[in-house]
Structures are given as C-alpha cells and as structure tokens.
Amino acid sequence: MSETTAGKGLQVPLSWISSLRILLGVMFLTTWLSNFSKGFYTPDGLVVFFTDVFPQSANALTWYADFINIVIIPIRGAFAPFQLIGEFLLGLFLLIGILTPLTSFFAGIFILNTFLATFGHDWPWSYALILGILVVVFFTKAGRSLGVDAWILRTRGNPRVPFLW
C-alpha cells in the first residue's frame, strides 16, 4: 500500500501530491530557461526585468518598489548570479524531490517576493495557487514519494531537524 498523507478521514496517496511537486519543479525550470534565454540573470538583464518588463515605477506597493530600487538594483552584480543559481536549484529540487519541505519553504518565499515585485501586473491568484500547493508540499513532505527524499528516509530515517526531508 502506498504512503498516504496523515490525518483522519479521506486519505490521499502521497504520489498524487508528489505529482503537484513535480509539476511545480517543471514550472520553475521552464520559467528559469525562459528567463535565462532572455538574459534576465545578468546584472543588465535584471535592470531590464525591473524597469521594462515589470517596471517598479508602476508597482502599487511603493515600499517594495523602493526595496527593489534601493537594495536589489545596486547589488545586481551579486544578486543576478544568486537568482540564476537559486531559481534553478528550487526547480531541480522540487522536480527530483530532495529536501522537499525545506525547498518548498524557500520556493514559497521566492514566489511571495515575485508576487510583490510584479504586483499589479499579473493575476494575483496565480501566485496564491502556487503558494497553496507549496504549503501542501511542505506539510505532506511530498518528496517521500517519487523523490530522493524517499531514499534518504529509508537510509537515514527521520531527520533530527523537523521538515528537512
């Protein structure tokens, strides 16, 4: 019998929730590839992203637009490679199901920041839907089915630090 989510009442096989995790991994990686091909992971590309694609001058959240303009843009030389590597690893880790709770937590922070940076340009429910799925992936430890976390659990047991795998 397959592993199921904890709780009383209806039980859903973890493999179904893992399919959502895999879908999010594919979403992150295809977005990463698109952004990479457009040059957004370079210092100059980051400026284009925040001034032309999602102009912070049009962001209704002026406090967040100020954060982008005062903090992120001046350190774009360091931030662009961090974004390149970080976004790729989030997608890869979700896809293969490694350190899934930790990865889904950081993916949630990333999506929340993306929502704030693009506020008023995109449909807000698309971000809410992604965040909702990431919360489910976090609490169900969805990497324990169809993921590397299942192998880690079998070989190492439960982690000492909760929600690591």
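Counting only protein heavy atoms and a 1.4 Å probe, tell me what percentage of the chain's accessible area is made up of carbon and sulfur. Working shown, then result.
Details: 6860 of 9480 Å².
Carbon-and-sulfur percentage of accessible area, whole number: 72.
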Assigned charges on the beta-carbon of Lys, Arg, Asp, Glu; the chain dipole about Cα centre (debye): 700 debye
Between helix 100-117 and the chain: long-axis angle, C-alpha atoms, 0 to 90°, nearest 10: 30 degrees
Highest to lowest packing among 85-97, 64-76, scored as the average C-beta count within 10 Å: 85-97, 64-76
For the chain, with +1 on Lys and Arg beta carbons and -1 on Asp and Glu, the positive-most of G132, T30, I98 along the dipole: I98
Rg followed by Dmax, in Å, when the chain is reduced to its Cα trace: 17.6, 55
Förster radius 25 Å - calculated FRET efficiency between I73 and L164 (Cβ-Cβ, nearest 0.05): 0.15
GNM flexibility winner over the chain from Q83, Q11, Q56 (Cα, springs under 10 Å): Q11
Accessible area per residue, Å², segment 58-111 with all protein chains present, probe 1.4 Å: 49 Å²
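Mind ranking R21, R160 by accessible surface for me, highest first, 1.4 Å probe?
Values: R21 0, R160 235 Å².
Solvent-accessible surface, decreasing: R160, R21.
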Centre separation in Å (Cα based) which lies between segment 86-127 and segment 142-156: 21 Å
Angle in degrees between helix 14-37 and the longest Cα principal axis of the chain, rounded to the nearest 10: 20 degrees
Hz values of 3J(HN,Hα) by residue in segment 81-86 - Karplus curve (6.51, -1.76, 1.60), Gly and Pro given as x: x, 4, 5, 4, 6, x
Length added when fully stretched, W16-F36, from 0.36 nm per residue minus Cα-Cα: 4.2 nm
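The values are calculated or read from the model by the stated rules, or taken from the named source; none is laboratory data. No experiment lies behind these values; they were computed from the predicted model shown. We place every Cβ from the backbone using ideal geometry, glycine too, and count neighbours over all the protein chains shown. To get the accessible areas, we keep the full protein, side chains included, count just its heavy atoms, and leave off ligands, DNA and RNA. Shrake-Rupley method; radii C 1.70, N 1.55, O 1.52, S 1.80 Å.
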